[in-house]
Amino acid sequence: MRLLAIAYLATALLFAPAARAEVTEASSSAFLIQAEAEVAATPEKLWRDLTRIERWWSSAHTYSGDASRLRLDARAGGCWCERWGNGQSVEHARVVLVMEHEGVRTLRAAGGLGPLQEMGVSGVLTFNVAPHANGAKLTLTYRVTGDPSLNLSAIAPLVDRVLMEQFGRLSRYSATGTPD
């Protein structure tokens with residue numbers, strides 16, 4: 001079952017829609033993805049929506065096939081986890097920072113998402129929510145490092161597409177109430 005989920009996620013990575021962000025750095029042992037959007041929602045609403053991951057994350061990019069099984073415990077040590085039948089579960093990432101500084105709220109999680117987990121990479125995903133003239137500014141940074149033999153620069157565009165799909169879904173959900 002686990003191998004089937006990994007194969008499904010790898011396929012999903014290959015056929016995900018185009019991204020709106022950019023891979024700003026890439027090498028055989030690392031890559032950096034960054035994205036930024038202005039969202040027509042208050043920073044408070046955007047933050048609340050960010051932590052309700054089950055409402056905006058795509059079910060196509062889960063192990064169980066059902067995003068309603070996702071939970072994000074927004075506190076240091078909290079789990080971004082997915083649980084489903086017969087005691088199956090996966091920890092996608094571990095929350096390592098939740099902080100507000102000068103009006104900017106930050107949530108940072110450590111983990112290799114999807115197929116990156118099995119590759120043994122180190123990933124750090126950071127979301128920032130800040131006030132903006134038209135509502136809120138959302139930024140995302142995902143820094144991944146691993147063994148150079150993994151040739152991470154080749155998979156960076158695929159990861160970028162999947163992450164940017166989710167980034168867009170969060171932005172739309174917070175602005176309109178629907179991720180689609």
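The values are calculated or read from the model by the stated rules, or taken from the named source; none is laboratory data. The shown structure was predicted, so the numbers you read here are calculated from the model rather than taken from an experiment. Please note: Cβ atoms are built from the backbone with ideal geometry, for glycine as well, and neighbour counts cover all protein chains shown. The protein model used for the area step is the full one, side chains on, heavy atoms only, and it has no ligands, DNA or RNA in it. Shrake-Rupley method; radii C 1.70, N 1.55, O 1.52, S 1.80 Å.
In the range 28-43, the residues that are under 22 Å from Gly177 (Cβ atoms) reach residues that are among the polar types (S, T, N, Q) and buried (at least 21 other Cβ atoms within 10 Å of the Cβ) with C-beta atoms within less than 7 angstrom, at least six apart or across chains, in these pairs: Ala37/Ser171; Val39/Ser171; Val39/Ser174; Ala41/Ser174. Flag: Glu100 matches the condition of being exposed (fewer than 14 other Cβ atoms within 10 Å of the Cβ), assigned to a strand (DSSP E or B) and over 16 Å from the mean Cα position of the chain (by Cα).
Answer with yes or no whether Arg105 is farther than 19 Å from Pro43 by Cβ and not hydroxyl-bearing (Ser, Thr, Tyr). So Arg105 does not fit the description; no. Remark: Arg105 matches the filter, which requires a residue to be open to solvent by 20 Å² or more (accessible area, probe 1.4 Å), modelled with pLDDT of 95 or more, over 14 Å from the mean Cα position of the chain (by Cα) and under 27 Å from Ala30 (Cα atoms). Only residues that are basic (Lys, Arg) and assigned to a helix (DSSP H, G or I): list them for the range 127-165, please. Within the range 127-165, Arg161 is the sole residue that qualifies. Residues in the range 22-39 that are of a type in the set (A, V, I, L, M) and more than 17 Å from Phe127 (Cα to Cα): Ala26, Ala30.
To keep it simple, each residue is scored yes or no on (1) in a strand (DSSP E or B); (2) within 18 Å of Tyr142 (Cα to Cα); (3) aromatic (Phe, Trp, Tyr); (4) in contact with a Lys or Arg (Cβ under 9 Å, 6 or more places away or on another chain).
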site: Gln34; (1), (2), (3), (4): yes, yes, no, no
site: Trp80; (1), (2), (3), (4): yes, yes, yes, yes
site: His92; (1), (2), (3), (4): yes, yes, no, no
site: Val96; (1), (2), (3), (4): yes, yes, no, yes
